[in-house]
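Undergrad: Dropping the structure in here first, questions after.
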Amino acid sequence: MAAAAVAGNAPAFAQSAPRIVSLDYGLVSTLLSLGIVPLAVSDLADWDKWVVEPAMPQSVVNLGSSWEVNFELLVALKPDIILTTPYLDELLPKLKQVAKVVRLEIYAPDIGPILPAAIAATRKLAAAIDREAEAEGFLQRADAFFTECRTRLAAKSLPSVALINFMDARHARIYARPGLYHNVLERIGVRNAWTEESNYWGFQTIAIEDLSRVADPDARLIAFEPVPADVLPKIKQSPLWQSLPFARPGHLSILPPALMFGMVNEALRFGRLLTDLLDPKE
Amino acid sequence: MNRIFGKFAFGPAIVALVLLGAGSLLSWFLISPLLEAMSQTSYDVPRMVLFYSTLPRLATALLAGAALSLAGALLQQVLRNPLADPTTLGISAGANLALVVTSLFFPGLLGLGRDMVALAGSTVVACIVMSLGAQRGFSPFSLVLSGLVISLWCGALSAILTLLNERYLVSLFIWGAGSLAQQSWVIPLSLLWKTAVIAVICALVMRPLSLLDLGEGTASALGVRLTRLRFIVVGGAVALAAVVTSAVGVIGFIGLVAPTIARLSGARRPQQLLLWSPLIGAGLLLIADTAIQLIAGKLGEFLPTGAVTAIFGSPLLLLLLPRLKVRHRALQLKERARSWTSARTGVLAIALVGLFVALAIGVFLGRGVDGSWGFPHGALFGEIVPMRLPKVFAALSSGAMLAVAGVILQRITGNEMASPELLGVSAGATFGVAVAVFIIVPGLFGQMAFAAIGALLVLAMILLSAMRTGLAPERVLLAGISLSAMVDAIVGVLSSTGDPRAVLLMRWMSGSTYGVDARTAMTVTTAAVILTAAAFLARRWLDILPLGPSQAAAIGVPLRKSRFALFGLAGLMSAAATLSVGPLTFIGLMGPHLAREAGLVRALPQMVGAAAIGGALMVFADFIGRTIVWPYQIPAGLVSAIVGAPFLMMMLRRKG
């Protein structure tokens, strides 16, 4: 609830707002938090499967796959501004012919920790669309929320946590430094049980037995939805899994989906999900 | 003992011992840190990892290696074909595709057993490949050629399904590339009894199988029932490949490599081959998998074993090519005598009208913001039509070039299944893009340049290897398709590291016109005009070469020079086309065939007709791809492959 309040919505701006389309989930959720309803977003169909909140207003148009944004649709929509990331740089020349392009770097090689990069990108976005005040408000609320999480958790003796998405019964993605989740963990004072460094997206593909490389015997394993249907029954049959500390009761938790490649809103959602898990409020 | 195994073969025994020994040594490097950790901590995880991950994985490697090598040795013996193995005959890929499709669209069926699904897939592919092979007297070339084509097609379709279901299916992708990671003994134990059962069945037919070495006539005179023998042995090999694939995914080329090593080290008699190949294969896969684990542990990356073995195994195909006897006779193109004089103009007119209709639809028809069908009007017309034009023209040019290249290849190889997709040039282009995307990331233009370099490199390699073997047509095709398989494996390894850029690569492989802009379209169209004109000029060669090398030489066609020039031309056309529609369109197969079926028999009319048909098909495929799942898009190459596959099957069946 707290994060939803932080994300906020200000439809009052809608009248004067520029017509903006976004080709990135993180940027569009930031846009919503700055009080702007976007015209269209790519891969809208999967929004509820991977991002969930903030809820996307009904009026938003689906631009097709983020890889192959539908240009005919884009032209017909006549946007003022297109938001994009280095991920789609190959489209830049064509996007520039359609409208003003605002390109923001969050995930890029050598950019370092993602959360500060996301905060910087939020400020840049706000400056580009003239919503600086809203951005500062949003970032302050976000910061306050993280501090609140930290305070809530500081009182507890916390286990370290390993964060994964199951790919199948034998493989998973694990989230590590310098990714967004890792930065949030640092910010709210939780230790990441996975101490290896990953690619700049912040994840590493591992086989399940690699989880035994987690050194902390009291670590908790947190898996995010969607978990493929056959994974949990299958790993429970594995003696290896049974011997991992994570197989003990209460050491594996499944959380609702949260976007691992997002910005501040996604960091907030992850922070809220994790804090509520570690410090359940009745 | 002596009666069964003949003279004891020391060569293969030593090789098997050395390989297994080296594998055990590498395994020790994996195990010893765990043993050390076990003695240091009271916490029992290292012990569990050793017992339920490391050891089962070693056992799985041994068993999968042995099973696949046994399958390869059986196939090679019964088909009298040193290139046969579950990978080259497409059996593993068929099992894989069946599993991917089932888990995507009919997940309930997996409850019946993954083995059954895999077996169904591999059986279908085996039937197709065998029925085609039977037509050609089980010619080693045509059998492996069709097997590899189906293998690549199945692999591409699996990859494309991954692309369309992007984020969910990364797991299938990993598994398709063959990972031996284990967390319990369930998989190795089930592999053990299944392999043992099949091995026992095959041991029962050992005697008749070894009689095959005396020749088919002698064997049947000695009372061997050939059909039943083939059925049992091929069935056993298919089952072996299916159980391995359903357990650990596609492990490429082990079944080709192990029997080859056994033979090179002195296993002459069938019994020796069937005994030592599995042991050598077990050692090989053990070495490969432990080495991969040791390296992957250092890099912190995930490497799929199956794709890595394919990278090292597929070049062996190239090395083995000169050892094969060419059976040109079996591949002769059946020239259909038909009266075509009156039909010809009518057919060409229909083809051209069809092309213009396709062009008009492709340029003008589309869907609006709300998804409704219609023509763009008002100010939008001026914005949207210029967007569609480059795509339509790129599709047209690519389709036409692929079709003409197909005509050339089919005519000079005398092989009806020949098509530019089989040259491996497309695969080279894809590999070029892979390098660009993963290592340098130079933007669209850079990617195009890398694709062209990759395509031309493959072309040069094909021509070089072809020159050494005297440009025998089947060898060139098989060399091309082996390269495709190798590049496919490399792309598989790159992609399964889970990097999001892999999706970009898969898009390229699926043949999307999405990235085509005016400049690209202009380049492709210019290339099409020049290269097609050159092909039209070579029409005399193309009329004469199918008559056979001796007749052609007698008439005065310079054999080497003309073949060299025509292969080069077909290669350039394939490269230029692949840049915009991807490696797997099957247009180069469909265009020439439809033209010939319509009665265009001579080279020039067939080329004109094929170009019109190929162009129209590609434009239409592009249109369908852009509109049918609006606002999402399906790559044109995929749409045309969806049509091309049944076409391929139909062609194969009609020959039965």
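The values are calculated or read from the model by the stated rules, or taken from the named source; none is laboratory data. Note that the structure is predicted; figures quoted are calculated from it, not measured. Glycine also receives a Cβ, built like all others from the backbone with ideal geometry; neighbour counts cover every protein chain displayed. Accessible surface areas use protein heavy atoms only, side chains included; no ligands, DNA or RNA. Shrake-Rupley method; radii C 1.70, N 1.55, O 1.52, S 1.80 Å.
Undergrad: What do you reckon, is B:THR260 under 23 Å from B:ALA485 (Cα atoms), in a helix (DSSP H, G or I) and open to solvent by less than 20 Å² (accessible area, probe 1.4 Å)? Talk me through it step by step, then tell me what you get.
TA: Numbers: under 23 Å from B:ALA485 (Cα atoms): yes; in a helix (DSSP H, G or I): yes; open to solvent by less than 20 Å² (accessible area, probe 1.4 Å): yes.
For B:THR260, the condition - under 23 Å from B:ALA485 (Cα atoms), in a helix (DSSP H, G or I) and open to solvent by less than 20 Å² (accessible area, probe 1.4 Å) - is met.
Undergrad: Looking only at the range B:398-415, count every residue that is open to solvent by 10 Å² or more (accessible area, probe 1.4 Å) and out of contact with any Pro (no Cβ under 8 Å at 6 or more places or on another chain) and tell me the total.
TA: 1
Undergrad: In addition: (1) away from chain B (no Cβ under 11 Å); (2) open to solvent by 40 Å² or more (accessible area, probe 1.4 Å); (3) in contact (Cβ under 8 Å) with a residue 60 or more places away in the chain: which one isn't true of A:LYS234, the others all being true?
TA: A:LYS234 satisfies all of (1) away from chain B (no Cβ under 11 Å); (2) open to solvent by 40 Å² or more (accessible area, probe 1.4 Å); (3) in contact (Cβ under 8 Å) with a residue 60 or more places away in the chain except (1).
Undergrad: A further question follows. Just checking: which of the helices (runs of 4 or more DSSP H) contained wholly in the range A:53-148 hold 1 or more residues that are within 12 Å of chain B (Cβ to nearest Cβ) and of a type in the set (A, V, I, L, M)?
TA: A:71-77, A:92-98
Undergrad: What is the number of the single condition among (1) modelled with pLDDT of 65 or more; (2) among the hydroxyl-bearing types (Ser, Thr, Tyr); (3) open to solvent by less than 20 Å² (accessible area, probe 1.4 Å) that B:SER171 does not meet?
TA: Evaluating B:SER171 over (1) modelled with pLDDT of 65 or more; (2) among the hydroxyl-bearing types (Ser, Thr, Tyr); (3) open to solvent by less than 20 Å² (accessible area, probe 1.4 Å) leaves (1) as the failure.
Undergrad: What about A:ARG220, is it crowded, with 19+ Cβ neighbours inside 10 Å, touching a residue at least 12 places away in the same chain (Cβ under 8 Å) and away from chain B (no Cβ under 13 Å)?
TA: Taking the combined requirement at face value, the residue satisfies it.
Undergrad: Tell me, please, whether a residue that is of a type outside the set (Gly, Ala, Ser), at pLDDT 90 or above and more than 16 Å from A:TYR200 (Cβ to Cβ) can be found in the range A:106-116.
TA: Scanning the range A:106-116 turns up no residue that is of a type outside the set (Gly, Ala, Ser), at pLDDT 90 or above and more than 16 Å from A:TYR200 (Cβ to Cβ).
Undergrad: Considering only the range B:216-230, I want to know if a residue exists there that is of a type outside the set (Phe, Trp, Tyr) and touching a residue at least 24 places away in the same chain (Cβ under 8 Å). Explain how you work it out, then say what you get.
TA: Just the residues of the range B:216-230 that are of a type outside the set (Phe, Trp, Tyr), to begin with: B:216-230.
Restricting the remaining residues to those that are touching a residue at least 24 places away in the same chain (Cβ under 8 Å) gives B:229-230.
Taking every residue of the range B:216-230 in turn, at least one turns out to be of a type outside the set (Phe, Trp, Tyr) and touching a residue at least 24 places away in the same chain (Cβ under 8 Å).
Undergrad: Is it the case, given these coordinates, that A:PRO226 is facing chain B (nearest Cβ under 9 Å), of a type outside the set (Ser, Thr, Tyr) and under 16 Å from the mean Cα position of the chain (by Cα)?
TA: Spelling it out, A:PRO226 is indeed facing chain B (nearest Cβ under 9 Å), of a type outside the set (Ser, Thr, Tyr) and under 16 Å from the mean Cα position of the chain (by Cα).
Undergrad: Also, I was wondering about something else. Do we have any residue at all in the range A:149-160 that's open to solvent by 10 Å² or more (accessible area, probe 1.4 Å), under 30 Å from A:LYS236 (Cβ atoms) and of a type in the set (S, T, N, Q)?
TA: The answer is yes, given that some residue of the range A:149-160 is open to solvent by 10 Å² or more (accessible area, probe 1.4 Å), under 30 Å from A:LYS236 (Cβ atoms) and of a type in the set (S, T, N, Q).
Undergrad: Quick one: which residue in B:THR87, B:THR54 is closer than 28 Å to B:ARG230 by Cα and among the hydroxyl-bearing types (Ser, Thr, Tyr)?
TA: Details: B:THR54 fails: closer than 28 Å to B:ARG230 by Cα.
Answer to the check: B:THR87.
Undergrad: Got at least one residue in the range A:253-264 being touching a helix residue (DSSP H, G or I) at 6+ places or on another chain (Cβ under 6 Å), buried (at least 16 other Cβ atoms within 10 Å of the Cβ) and over 27 Å from A:SER29 (Cα atoms)?
TA: no
Undergrad: Scan the range A:43-75 for residues that are open to solvent by 30 Å² or more (accessible area, probe 1.4 Å) and over 16 Å from A:ILE20 (Cα atoms) and jot them down.
TA: Residues satisfying the conditions are A:ALA45, A:ASP46, A:ASP48, A:LYS49, A:VAL52, A:GLU53, A:ALA55.
Undergrad: On the given criteria, is B:LEU74 out of contact with any Pro (no Cβ under 7 Å at 6 or more places or on another chain), at pLDDT 85 or above and open to solvent by less than 10 Å² (accessible area, probe 1.4 Å)?
TA: Against the criterion (out of contact with any Pro (no Cβ under 7 Å at 6 or more places or on another chain), at pLDDT 85 or above and open to solvent by less than 10 Å² (accessible area, probe 1.4 Å)), B:LEU74 qualifies.
Undergrad: Next up: Which of the residues that make up the range B:264-299 are at pLDDT below 80 and open to solvent by less than 30 Å² (accessible area, probe 1.4 Å)?
TA: Matches in the range B:264-299: B:ALA296 only.
Undergrad: Same structure, new question: Answer yes if at least one residue in the range B:212-220 is of a type in the set (Gly, Ala, Ser), over 29 Å from B:VAL18 (Cα atoms) and touching a Leu at 6+ places or on another chain (Cβ under 9 Å), and no otherwise.
TA: Within the range B:212-220 (the criterion being of a type in the set (Gly, Ala, Ser), over 29 Å from B:VAL18 (Cα atoms) and touching a Leu at 6+ places or on another chain (Cβ under 9 Å)), the answer is yes, since at least one residue qualifies.
Undergrad: For A:SER243, only one of the following conditions fails: (1) open to solvent by less than 50 Å² (accessible area, probe 1.4 Å); (2) at pLDDT 90 or above. What is its number?
TA: The failed condition is (2).
Undergrad: Consider only pairs whose beta carbons are under 8 Å apart and that are at least six residues apart or on different chains; among these, list those whose first residue lies in the range B:356-368 and is within 14 Å of chain A (Cβ to nearest Cβ) and whose second residue is open to solvent by 50 Å² or more (accessible area, probe 1.4 Å).
TA: Correct list of pairs: B:GLY362/B:PHE620; B:VAL363/B:LEU389; B:PHE364/B:PHE375; B:LEU365/B:TRP373; B:LEU365/B:PHE375; B:GLY366/B:TRP373; B:GLY366/B:PHE375; B:ARG367/B:TRP373.
Undergrad: Of everything in the range A:187-210, what is touching a residue at least 60 places away in the same chain (Cβ under 8 Å), farther than 20 Å from B:ALA296 by Cβ and open to solvent by 20 Å² or more (accessible area, probe 1.4 Å)? Give them in sequence order.
TA: A:ARG187, the sole residue that qualifies.
Undergrad: Also, quick follow-up: Yes or no: A:GLU196 at the interface with another protein chain (Cβ under 8 Å from one of its Cβ atoms) and either among the aliphatic types (A, V, I, L, M) or touching a strand residue (DSSP E or B) at 6+ places or on another chain (Cβ under 7 Å) (or both)?
TA: Values: at the interface with another protein chain (Cβ under 8 Å from one of its Cβ atoms): yes; either among the aliphatic types (A, V, I, L, M) or touching a strand residue (DSSP E or B) at 6+ places or on another chain (Cβ under 7 Å) (or both): yes.
Here the answer is yes, as A:GLU196 does meet what is asked.
Undergrad: Is it the case that some residue within the range B:398-421 is over 30 Å from B:ALA360 (Cβ atoms) and among the β-branched types (Val, Ile, Thr)?
TA: yes
Undergrad: Let me ask something additional. Output the number of the condition that B:CYS127 fails; it satisfies all remaining conditions of (1) open to solvent by 30 Å² or more (accessible area, probe 1.4 Å); (2) at pLDDT 70 or above; (3) within 11 Å of chain A (Cβ to nearest Cβ).
TA: (3)
Undergrad: A further question on this structure: What helices (runs of 4 or more DSSP H), lying completely within the range B:548-656, carry at least 3 residues that are at pLDDT below 85 and open to solvent by 10 Å² or more (accessible area, probe 1.4 Å)?
TA: Result: B:549-555, B:559-581, B:636-654.
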